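S.K.: Below is the structure I would like to discuss, written out as structure tokens.
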């Protein structure tokens, strides 16, 4: 079956956004993650669902067993995925729903690379700066130290890249110098 997985994944997320409340989004994500891990570990189950050859009662019984103890929205969602032959995009839908929930909560995760470990005051200031710059309620920051930066900072998220490192500045200078030509009249860019 040929279809645009991203388009379908986004359509499912949009529908889930109408069904799953902001308050219940975290629980839904946890259960979807658990289900996704189980499905990844049992490829034969995915193939059975994807083949669409299972009798309806067997399919429903398997889904019911898989979702035992889960929120009814998770079970209904899995039923729809299986019925539409889209079980293969469960992981992508989960990832997109995490992004969607983070957007609703005004939460963003960042990877921050610096040349030395920041103290608590510096971390607090950076967190507040990121919250204000991106109009967020909460930020999650994973700090990494990389001495090769020489100085400065690199801030990355799923959407943004802010690279204010000395290494990148030197690379840009090096690149611009590479394009300068010397002729009998002097330098030429």
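Just so you know, all these numbers are worked out from the coordinates, no wet-lab data involved. Remember, it's a predicted structure, so these values are computed and weren't measured experimentally. As a convention, Cβ positions derive from the backbone with ideal geometry for all residues, glycine included, and neighbour counts pool all protein chains shown.
S.K.: Please list the equivalent ellipsoid semi-axes of the stretch 106-178, computed as the square roots of five times the alpha-carbon gyration tensor eigenvalues, in descending order and whole angstrom.
M.R.: 25, 15, 9
S.K.: I need 19, 154 ordered by Cβ neighbour count within 10 Å, fewest first.
M.R.: With the sparsest Cβ surroundings first, the list reads 19, 154.
S.K.: Please give the contour-minus-distance gain from residue 168 to residue 106: 0.36 nm per residue of separation, less the Cα-Cα distance, rounded to one decimal in nm.
M.R.: Computed gain between residue 168 and residue 106 is 19.3 nm.
S.K.: Roughly how large, in nm² to one decimal, is the mean projection of the convex hull of the alpha-carbon atoms in the chain?
M.R.: 17.1
S.K.: At what distance in nm do the modelled label points of residue 19 and residue 140 sit from each other, each positioned 7 Å from its Cα along Cα→Cβ?
M.R.: Using points 7 Å along Cα→Cβ, the separation is 2.4 nm.
S.K.: Please report the spacing between the Cα centers of the stretch 124-184 and the stretch 19-77 in Å, no decimals.
M.R.: Spelled out, the Cα-based centre of one part sits 41 Å from the other.
S.K.: Right, something else. Which whole-number percent is the relative contact order of the stretch 106-178 (Cα, under 8 Å, 6+ apart)?
M.R.: Rounded, it is 38 percent for the stretch 106-178.
S.K.: Right, something else. Modelling each spin label as a point 7 Å along the Cα-to-Cβ direction, I'd like the residue 61/residue 10 distance in nm, to one decimal.
M.R.: 4.0
S.K.: Could you work out the relative contact order of the chain, using alpha carbon pairs under 8 angstrom and six or more residues apart, expressed as a whole percent?
M.R.: That works out to 18 percent.
S.K.: With bins 10 Å wide starting at 0, give me the P(r) of the stretch 5-103 over every alpha carbon pair, in whole percents.
M.R.: 16, 53, 28, 3
S.K.: How long, wide and thick is the stretch 123-164, going by the Cα atoms along their three principal axes, in whole angstroms, largest first?
M.R.: 32, 22, 15
S.K.: Related question: Neighbouring Cβ atoms within 10 Å as the yardstick, rank 116, 70, 12 fewest first.
M.R.: 116, 70, 12
S.K.: Neighbouring Cβ atoms within 10 Å as the yardstick, rank 176, 157 fewest first.
M.R.: Going from sparsest to densest Cβ surroundings: 176, 157.
S.K.: Calculated from DSSP H runs of 4 or more alone, at -39500 (n - 2.57) each and per residue, what is the 222 nm mean residue ellipticity of the chain, nearest 500?
M.R.: -19000 deg cm²/dmol
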